[in-house]
Amino acid sequence: MKTVITYGTFDMFHIGHLRLIQRLQKLGDRLIVAVSTDEFNDLKGKKTLIPFDQRSEIVASIMGVDLVIAENTWEQKKQDIIKYSVDVFAMGDDWQGKFDFLKSDCEVVYLPRTRDVSTTQLKAALDQFLSLQGAKGLLQ
């Protein structure tokens, strides 16, 4: 059995997230998705709109996702690879080269992102909309 793992925040779940998961499913037989906790996102300077429990539940409900785990630190990736006997570590290509140090533990793959969609873009558009409504800065 070939096990694939990926990591992400998965805030404001969108078509890019779904297509990434669909591509990941094709890389192996078992897919593990690590969802960043709210506390970890705070450390990264990210503000999420959807709480961790809900983001995890959304990801877990997708057909082909076999296990959802919490991402609590940057350093846990190597431990997770060993713990779950991971064969393929995969991320979007916006992370190209950042996780090459894991190549001694498993195959590292960077998949193309879905063009013209990202959580950052969605948040910016929502913030712009809210500012036009007089609620500026709620999402920053």
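Please treat every number below as a calculation from the coordinates, not as lab data. Because the structure is predicted, anything quoted here is derived from the model rather than measured. Note: ideal-geometry Cβ built from the backbone for every residue, glycine included; neighbour counts use all protein chains shown.
Values as computed for the structure displayed
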read-out: Low-density loop positions, GluC sites (Glu not before Pro), region 9-115 - DSSP coil, at most 13 other Cβ in 10 Å; value: 75
read-out: Rounded to the nearest 20 debye, dipole of region 3-113 from Cβ charges on Lys, Arg, Asp, Glu; value: 280 debye
read-out: Cβ-based exposure ranking for 116, 93, in which fewest neighbours within 10 Å come first; value: 116, 93
read-out: Karplus-derived 3J(HN,Hα), 6.51/-1.76/1.60, for each residue of region 71-86, Hz, glycine and proline x; value: 9, 9, 8, 5, 6, 6, 4, 4, 5, 5, 4, 6, 4, 9, 6, 6
read-out: Intensity falloff of region 3-113 expressed as log10 I(q)/I(0), Debye formula with alpha-carbon point scatterers, at q = 0.13, 0.15, 0.23 Å⁻¹; value: -0.43, -0.59, -1.49
read-out: Across 44/77; 26/77; 26/98; 77/103, pairs whose alpha-carbon gap is larger than 18 Å; value: 26/77; 26/98
read-out: Sparse-neighbourhood loop sites, trypsin sites (Lys or Arg not before Pro) in region 1-66 - DSSP loop, at most 15 other Cβ within 10 angstrom; value: 2, 26, 46, 47
